[in-house]
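The structure under discussion appears below in the form of structure tokens.
The values are calculated or read from the model by the stated rules, or taken from the named source; none is laboratory data. As the structure is a computational prediction, the values presented were derived from the model and not from experiment. Neighbour counts run over all protein chains shown; Cβ positions are idealised from the backbone, glycine included. Keep in mind that these areas ignore ligands, DNA and RNA; they rest on the heavy atoms of the full protein, side chains included. Shrake-Rupley method; radii C 1.70, N 1.55, O 1.52, S 1.80 Å.
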Amino acid sequence: MNKKDIGQIRKQFKVDNDLLKISDIFNVYIMKETSEIYHHQSQPFEMLDQDQQELFMGNFKKLLAGQLDEKLFELKFRRDAENNSQLILHQGLLSSEVEDWKEQMLKIVEKMLVNRQYEMDIVITFIRAEYLKPMKRRNADTEESDRDTVYSHPFILCSINNTQEPKKELLFDYVQREFKYNFVVDPIINLNTPIAGFLFPCFTENAADVNHVLYSAGKVHEPDHQFIEDVLNGEETMTAQDDKIVFEEIIKDVTGDQLSTLTLSNVYEEINRMIVENEEDEPPKLDTKDVERVLKMSGLEDISAEKVEASFQKIIDDDKYEIKANSVVPKFTSKSIKISTKIANISISPQDLRYVKQVHLDGKRYLMIEVEEDTVIEGFTMIPEAFGGN
């Protein structure tokens, strides 16, 4: 799934939307002390009152919020896993009876509870639903509505949420004219911040992809690898942050950690050009040949395929690995590059890196930034000085 696919299905989660039909909701309550199922309950989603529906809709939207490879991860199922979650979810998706669907979802819950102790009571919510996506109208002159023909996308969504201890409060009773201690025993289910979840199957170009599942982490750059591997049986994943670190280490290894700011700026510009050219397609990935080409296009001469392949093998132990270009330069016009020195840390956009140079003068090193206008610091305009002046 790409950003557009996720955005389209995410915005469907609103009450009384005729393009989203949620048939059933299944809630499972897990106790923290025992990590056992304390209670579970299933009912048609339409039987919830509107306030409850809106609470869950908001929860599902938050689950699918975030950037790919940062908070959302498209995972490929491992084929060799025992008690394979792909098969369980697929059977649940095809189940015509509610009881059969619940049985499959409870199998997923059981996998969540193996060797896992939760710090708080949690509630695991499953829904099975159908997203109806209108086809694009072929003839602009036709009177046919764009909703007359739709793609049908059945799916299962799982949201995992913590509970919160109820507040202890002191109240004043106006009628009895006395202070009262108020304590609510029932825990509060925090639907505002899902701690994990997933969407099955993924959707690619209006077609269901049952070989992939969309996993949602609770925090950015912090996927739960145990959940991914043991519960979802997904292949190992790399965050955008991981990919960026790998790319930087490979470039350092290939170039000997010696790059001019102009060359580094060219590297980012070349990768950004690849991203822009493939904006309508699947985000590009950088293999060893791409990295070799980018470095040569950026002005480096002593670069060879053998050297780049060796660096891939050394850094990530896989010379066939592909780095997502978006992870290296996610937002070229706004993403800041950090320049770290002992005196100060400076942030600058990638396209402006070419205006930064490290120079030597009188045995000292200086960081020089070329500017076209007066420099303002805390509202004060700096006075131009002769180079090297005190």
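May I ask you to compute the full-extension gain from E103 to Q8, defined as 0.36 nm times their residue separation minus their alpha-carbon distance, rounded to one decimal in nm? If you can, show how the numbers build up before the last one.
On the way: separation 95, 0.36 × 95 = 34.20 nm, distance 2.98 nm.
Computed gain between E103 and Q8 is 31.2 nm.
So the label point goes 7 Å from the Cα of Y181 along Cα→C-beta, right? Which residues of region 154-168 then have their backbone N under 12 Å from it?
168
Could you give the nm distance between label points at V15 and S152, where each point is 7 Å from its Cα heading toward the beta carbon?
2.8
For K167, which aspartates and glutamates qualify as cross-link partners when the Cα separation must be under 12 Å and same-chain residues fewer than eight apart are set aside?
Output for K167: D186.
How much mean residue ellipticity at 222 nm does the chain get from its helices, if each DSSP H run of length 4 or more adds -39500 (n - 2.57) and you divide by all residues, to the nearest 500 deg cm²/dmol?
Using -39500 (n - 2.57) per qualifying helix, the result is -8500 deg cm²/dmol.
If each of Y366 and Y38 carries a label point 7 Å out from its Cα toward its Cβ, how far apart are those two points in nm?
6.7
Of all accessible surface on region 19-133 at a 1.4 Å probe, what whole percent is carbon and sulfur?
Working: 2740 of 5860 Å².
The C+S portion of the solvent-accessible surface of region 19-133 is 47 percent.
Using 7 Å Cα-to-Cβ label points, what is the V376/V276 separation (nm, one decimal)?
2.8
Once you have a ≥ b ≥ c as the square roots of the Cα gyration tensor eigenvalues for region 1-50, tell me rounded if a/c is under 1.5, and otherwise prolate or oblate according to whether a/b is larger than b/c. Spell out each step's value before the answer.
Numbers: a/c = 3.78, a/b = 1.62, b/c = 2.33.
Oblate shape, in that a/c is at least 1.5 and b/c is the bigger or equal ratio.
Please find the FRET efficiency linking S23 to A81, where r is the Cβ-Cβ separation and R0 is fixed at 30 Å, and quote it to the nearest 0.05.
Rounded to the nearest 0.05, the efficiency is 0.60.
Given a cut-off of 23 Å, name the pairs among K4/K219; K3/K324; K61/K244; K32/K168; K4/K285 whose C-alpha atoms lie farther apart than that in the structure shown.
Cα-Cα > 23 Å for K61/K244; rest within.
For a test of the definition: using alpha carbon positions, the gyration tensor, and the 1.5 limit on a/c, classify region 267-315 as rounded, prolate or oblate.
In terms of gyration-tensor shape, oblate.
Please calculate how many Å² of accessible area region 175-278 carries per residue, with a 1.4 Å probe and no DNA, RNA or ligand atoms counted.
52
With a 1.4 Å probe and all protein chains left in place, how much of the accessible area of region 161-233 comes from carbon and sulfur atoms, in whole percent?
Here carbon and sulfur together make up 51 percent of the probe-accessible area.
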